[in-house]
Amino acid sequence: MFDWKQDPHRRLNPLTGEWVLVSPHRTQRPWQGQVEESARAPQPEYDPSCYLCPGNERAGGARNPRYTSTFVFDNDFAALRPDTPPDRFDQDGLLVAQGEPGICRVVCFSPRHDLTIAHMEPADLRRVVDTWAGQYRELGARESIRYVQIFENRGAMMGCSNAHPHCQIWSNSHLPNEVSKEQASQLAWREARARCLICDYAALEAARRERLVEENASWMVVVPFWAVWPFETMVMPRRHVAAIDALDDAERDGLADILKRLTARYDRLFATPFPYSMGFHQSPTDGDAHPEWHLHLHFHPPLLRSATVRKFLVGYELLAAPQRDLTPEAAAERLRSA
Ligand SMILES: [Zn+2]
Ligand SMILES: [Zn+2]
Ligand SMILES: [Zn+2]
């Protein structure tokens with residue numbers, strides 16, 4: 001048997017069927033690459049030039065109300081439009097395209113320009129959770145919407161140009177690629193074993209504990225065994241729940257609590273506001289029952305070694321398979337001690 005901590009090996013992601021290459025022996029090699037500017041300037045509570053702050057004018061010309069809690073609006077420069085004809089084009093199976101109706105929204109977490117998830121009050125975060133659940137249900141109830149993707153890009157390193165804490169919701173007619181892979185895997189697992197893939201995985205990680213980062217009564221956070229990003233995590237409810245709107249009162253409070261503690265832990269790791277892309281994966285809203293689906297979130301942070309040294313997915317990753325040096329077990333250990 002190879003040595004997990006020394007020998008190159010590959011690990012399977014059972015949710016996507018894809019492999020990641022792990023090269024733990026390389027963690028000592030010297031770094032001579034890019035150094036990012038550390039974005040640590042403190043933000044003001046209100047920024048008159050921010051298009052998300054209460055009362056300000058947005059780029060499209062609309063003006064935000066003087067909102068006092070969470071605030072949702074249709075994206076002024078939406079990637080999807082509800083009136084798009086759903087026609088299909090297919091020439092010899094080689095030139096295939098399809099009109100994609102959808103709705104894109106923006107959710108401001110709070111009126112405060114400076115309050116990230118790590119610094120929000122639990123009661124205010126709970127309102128964000130309720131807003132996510134309400135949007136999932138409202139958008140998902142529409143005939144043309146079969147999937148609701150809730151996600152947040154945080155930090156300039158992840159391409160987020162506005163510091164005001166907010167997330168996006170893109171909802172559309174077809175299952176996006178990643179969701180489609182995870183659906184197929186969860187369905188196959190259920191058909192083969194009459195159990196849930198993520199329930200089984202969560203039970204295993206709860207027993208082994210070496211990749212566990214945070215937990216409370218209703219949620220757990222692990223660095224997945226197959227993580228691609230150095231400090232990637234997966235947030236799972238302990239109960240088998242298909243979508244966010246099915247979370248009960250205690251589980252919603254539990255989600256607010258675990259998100260606050262996880263993002264604070266990230267911020268402490270390299271003493272910097274930690275950039276990431278995070279988002280939910282959950283049941284499609286196509287009208288079918290989806291007993292195979294287990295709600296979860298993924299956090300994909302780019303930082304590798306400090307506030308300024310990031311990981312890039314280039315070369316081998318783009319052309320062959322993702323690769324990492326730091327083992328998921330070592331990453332979990334570092335997050336636990338942050
Ligand atoms: Zn703002
Ligand atoms: Zn489950
Ligand atoms: Zn997923």
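No value in this document is a laboratory result; all are computed from the given coordinates. Everything numeric here is computed off the predicted structure, so don't read it as measured data. A quick note on method: Cβ atoms are made from the backbone with ideal geometry, for glycine too, and the neighbour counts reach across all protein chains shown.
Below 19 Å, Cα to Cα, which lysines can K5 reach? Residues fewer than 8 away in the same chain don't count. Filter leaves no residues. Highest average first, the peptides 308-317, 295-304 ordered by how many other beta carbon atoms sit within 10 Å of their residues are 295-304, 308-317. Between R193 and L12, the contour length at 0.36 nm per residue exceeds the Cα-Cα span by 63.3 nm.
Computed packing ranks the peptides 248-260, 199-211 as 248-260, 199-211, most packed first, by mean other Cβ atoms within 10 Å.
Given R0 = 41 Å, the distance between the Cβ atoms of D92 and E317 translates into a calculated FRET efficiency of 0.80. Going by neighbour counts of Cβ atoms within 10 Å, the residues S277, S306 line up, fewest first, as S306, S277. Applying the Karplus relation 6.51 cos²θ - 1.76 cosθ + 1.60 with θ = phi - 60° to the stretch 81-95 yields 3J(HN,Hα) values of 10, x, 8, 5, x, x, 5, 10, 10, 8, 10, 6, x, 10, 10 Hz, where x marks Gly and Pro.
Model label sites at T68 and E100, defined 7 Å from Cα along the beta-carbon direction, differ in position by 4.0 nm. When peptides 92-99, 128-135, 15-22, 54-61 are ranked by their average number of other Cβ atoms within 10 Å per residue, the highest-first order is 128-135, 15-22, 54-61, 92-99.
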